[in-house]
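One structure below.
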Ligand code: GLP
């Protein structure tokens with residue numbers, strides 16, 4: 001797990017956008033796993049800006065969102081379909097080829113979950129999954145107690161998640177109690193994962209996810225088992241990490257190592 005600690009939310013969004021754009025340039029038909037919530041909004045804004053400036057083209061990409069509330073019609077202002085249209089899809093000059101989001105009103109719940117997994121498989125799996133993190137360590141809507149091998153399925157939201165998400169609704173009673181989410185096992189199959197966390201209220205979940213035991217009590221801790229995860233954290237979200245200085249040193253070492261190798265290569269070329 002790479003821990004990248006940056007000064008603020010703006011920088012976090014820029015670095016996340018760099019990773020997405022680099023992938024899209026290398027693989028224009030990439031399959032992106034997308035997240036909702038306040039945290040990735042800066043990333044989406046940055047992607048829209050770069051797309052409009054012609055730095056990146058998303059029109060060959062396919063996207064799969066992590067989750068969706070059950071029971072809200074797609075056009076409801078708080079549905080995740082609506083969120084994605086408002087913050088990303090609807091603002092791009094050219095939309096991604098296909099944008100999948102779990103259905104909010106499926107005829108057959110279990111069948112819809114199976115079909116979502118099947119679609120991901122048909123597209124060759126997710127190249128890059130963007131994640132936020134809940135205050136209780138959830139990823140997608142995989143709440144504490146979710147099996148680490150879980151797949152796309154219907155879930156109930158925890159009271160703290162309902163309370164946190166109530167800020168988007170006129171009252172807590174309006175927040176849906178149920179959702180469909182990709183499972184932890186589904187998320188772990190992505191080839192690369194980028195988790196974004198900003199603010200003091202995420203610092204405990206981040207500390208548990210990075211340095212705590214791997215446990216279903218903190219679903220994000222499952223990411224410790226994944227070979228290619230980058231966590232981009234602002235100062236506040238990183239503030240409770242016990243090994244923060246060491247993670248910083250590792251990141252500095254990466255750039256120093258690259259410079260040393262580059263210099264050594266130049267010397268070898270000169271000598272030959
Ligand atoms: C929601 C979403 C998660 C998201 C989390 C954090 O419940 N289902 O995918 O990561 O909340 O949201 P925020 O970024 O607004 O703190």
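The values are calculated or read from the model by the stated rules, or taken from the named source; none is laboratory data. None of the values given here were measured: they were computed from a predicted structure. Please note: Cβ atoms are built from the backbone with ideal geometry, for glycine as well, and neighbour counts cover all protein chains shown.
Data for the structure
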quantity: Residue in the range 23-31 that is within 16 Å of the ligand (Cβ to nearest atom) and either within 24 Å of residue 182 (Cβ to Cβ) or not assigned by TED's automatic domain parsing to the domain that holds residue 192 (or both) present; calculated: no
quantity: Residue satisfying all of: in the range 199-223; surrounded by fewer than 24 Cβ atoms within 10 Å (Cβ to Cβ) and within 10 Å of the ligand (Cβ to nearest atom); nearest to residue 147 (Cα to Cα) among these; calculated: 201
quantity: Yes/no for residue 252 being more than 27 Å from residue 150 (Cβ to Cβ) and assigned by TED's automatic domain parsing to the domain that holds residue 62; calculated: no
quantity: Residue selected from the range 14-42 under the condition touching a residue at least 40 places away in the same chain (Cβ under 8 Å) and in a helix (DSSP H, G or I), by the criterion farthest from residue 135 (Cα to Cα); calculated: 23
quantity: Residue, nearest to residue 35 (Cα to Cα), within the range 168-193, restricted to residues that are assigned to a strand (DSSP E or B) and away from the ligand (no atom under 12 Å from the Cβ); calculated: 193
quantity: Residue check, residue 145 closer than 21 Å to residue 220 by Cβ and away from the ligand (no atom under 16 Å from the Cβ); calculated: no
